[in-house]
Amino acid sequence: MNESETNLKTNGYDLPVYGLDNGQFLIIHVPALACIFLSLICALTVLILSFKKKRIQTFFSWTKSERFVVYMAICDGTFNIAHSFDHLHIVISRNHVHPKQLCEFYAFMLVEFITAQNLMVNVVAINAFVLIYFNKNIDFGKYDWKLLLWILGVPFVGVVFAASLGQLGPAGAFCYFDGVKGVIANIIFTTVPLTLILTINIILYLLTWSRIRSETQRIKHTIGQKSVTMRIAHNAARNMTFFVAAFFVQWWAFAIYGVWALVNDVPQILFQLVTIFNNLGGVVNLGVYMFIRKHTEVAPQIPSNSGTNTTPA
């Protein structure tokens, strides 16, 4: 759609439903729904297996990596539930979601939990980097209140502000930032932070793995408590870097989509990739959980706490 046509629209409800005019409607929504439900099943599986394995221990006595898995599963699951209703509503009605308030609710949930995941994985990447380079764990406060306030509180304030300005609504294929009124808000809330976080995470990921590899060679034949402590720190950092890798798998297409849309029309294949990879968060995070579970079982263990020390994250 060119700029003159966009200027004639007043809000997202004036836009056509994406795919109805070119036969791509079901090609977009069916794979998206399949990925969403698969992701939801995986997120629920992570929660069930996590609490079943740790049923004797209190939640905040778990290692940071194990708690991160649960937080990510909750974000994924909530995102999947809201997004499944969103897509189903459009598929059944062959129209945008009505009433407007319902579409805004779906959009609110998507923005909140997409942003929460972005901030969460960025914290994980920073935590792994600090653990390896400075031999310290970031203190998230009692019951992780600092972490939870950051990943849930900040996006909540932002999305409430956006909603109060009428920036939420139909985006063409789902409810998110309004496809007409919310273009700038989408850039500010999604394109810029997601691209920035992806870039930062990749840099921290590479730096962390580089240090792990060099230190692993150095302590390979070392014995003693210092060696054990360093190995535990390496295990914890490795666990956390897998969250960063999973995050990249889930959101790389969305970041490219956002940047591409700033300069040109987005090709259909990229839009299709966005609807698939964005909705696979639960699947990739189940893979991270299985790796951490296996890795933790064979790694040396020291009781975890949230202070700034060298215990596992």
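The values are calculated or read from the model by the stated rules, or taken from the named source; none is laboratory data. A quick note: this is a predicted structure, and the numbers were derived from the prediction, not measured. So basically every Cβ, Gly included, is an ideal-geometry build from the backbone, and we count neighbours across all protein chains shown.
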May I ask you to say which residue of Gly23, Gly19 is loosely packed, with under 13 Cβ neighbours inside 10 Å, in a loop (DSSP other than H, G, I, E, B) and of a type outside the set (Ser, Thr, Tyr)? Gly23
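Conditions (1) over 17 Å from Tyr13 (Cα atoms); (2) charged (D, E, K, R); (3) surrounded by 16 or more Cβ atoms within 10 Å (Cβ to Cβ), marked per residue:
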residue	(1), (2), (3)
Arg94	no, yes, no
Pro99	no, no, no
Ile132	yes, no, yes
Trp145	yes, no, no
Gly166	no, no, no
Conditions (1) within 18 Å of Gly172 (Cα to Cα); (2) at pLDDT 95 or above; (3) in contact with a helix residue (DSSP H, G or I) (Cβ under 6 Å, 6 or more places away or on another chain); number of the one not met by Cys42: (1)
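Go through Ile212, Ile223 for me and flag whichever is aliphatic (A, V, I, L, M), more than 26 Å from the chain's Cα centre (by Cα) and either modelled with pLDDT under 75 or under 30 Å from Asn135 (Cα atoms) (or both).
The unique qualifying residue is Ile223.
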Check every one of the helices (runs of 4 or more DSSP H) wholly within the range 90-179 and list those with 1 or more residues that are touching an Asp or Glu at 6+ places or on another chain (Cβ under 7 Å) and either among the aromatic types (Phe, Trp, Tyr) or without any contact (Cβ under 8 Å) to a residue 60 or more places away in the chain (or both). 100-134, 154-164
Subset of the range 180-221, residues of a type in the set (A, V, I, L, M) and part of a loop (DSSP other than H, G, I, E, B), comes to Val180
Within the range 66-82, is even one residue touching a residue at least 40 places away in the same chain (Cβ under 8 Å), exposed (fewer than 15 other Cβ atoms within 10 Å of the Cβ) and among the aliphatic types (A, V, I, L, M)? no
